[in-house]
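*Asks:* Input: one structure, supplied below.
The values are calculated or read from the model by the stated rules, or taken from the named source; none is laboratory data. Predicted model, so just to flag it, every value in this text is computed and none were measured. Cβ placement follows ideal geometry from the backbone for every residue including glycine, while neighbour counts extend to all protein chains displayed. Remember, those area values only see protein heavy atoms, side chains included, never the ligands or the DNA or RNA. Shrake-Rupley method; radii C 1.70, N 1.55, O 1.52, S 1.80 Å.
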Amino acid sequence: LKKVSKVKVSRLDSTLSKHLNGRDIDFMPIDTEGYDMDVLKSNAWNKFKTKAICIESKKEGDTQTKFLLSKGYVKHFDNGLNTIFVLRN
């Protein structure tokens with residue numbers, strides 16, 4: 001360890017509000033080293049839904065999977081390292 005840096009953290013919904021300018025989201029990878037569920041919970045799902053989300057794979061039936069299923073997503077692909085969820089039509 002050579003240096004410790006402080007980094008400002010923002011909620012996902014705040015970041016999307018600031019940068020989307022009304023555009024849709026086609027694909028969003030989330031890889032936040034153990035904080036993926038915190039990121040997912042920080043979104044305003046009624047306002048910002050992406051067509052596809054990729055997260056690091058966890059065991060079947062994990063919290064992230066249950067959460068995304070509850071938000072209208074279905075599991076589309078899983079290679080044991082990453083899982084892609086797509087928004088149900």
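*Asks:* For segment 49-89, how many residues are open to solvent by 20 Å² or more (accessible area, probe 1.4 Å), under 22 Å from His19 (Cβ atoms) and touching a helix residue (DSSP H, G or I) at 6+ places or on another chain (Cβ under 9 Å)?
*Replies:* Adding up the residues that qualify gives 1.
*Asks:* If Ser42 meets every condition in (1) under 22 Å from Ile84 (Cα atoms); (2) exposed (fewer than 15 other Cβ atoms within 10 Å of the Cβ) apart from one, which number is that one?
*Replies:* (2)
*Asks:* Within the set of pairs 6+ apart or on separate chains, which have a first residue in segment 9-27 that is under 28 Å from Phe77 (Cα atoms), a second that is aliphatic (A, V, I, L, M) and surrounded by 14 or more Cβ atoms within 10 Å (Cβ to Cβ), and C-beta atoms under 7 Å apart?
*Replies:* Qualifying pairs under 7 Å: Leu12/Val39; Asp26/Ala52; Phe27/Ala52.
*Asks:* Right, another one. Going by the conditions given, is Thr32 surrounded by 13 or more Cβ atoms within 10 Å (Cβ to Cβ) and out of contact with any Cys (no Cβ under 7 Å at 6 or more places or on another chain)?
*Replies:* Here the answer is yes, as Thr32 does meet what is asked.
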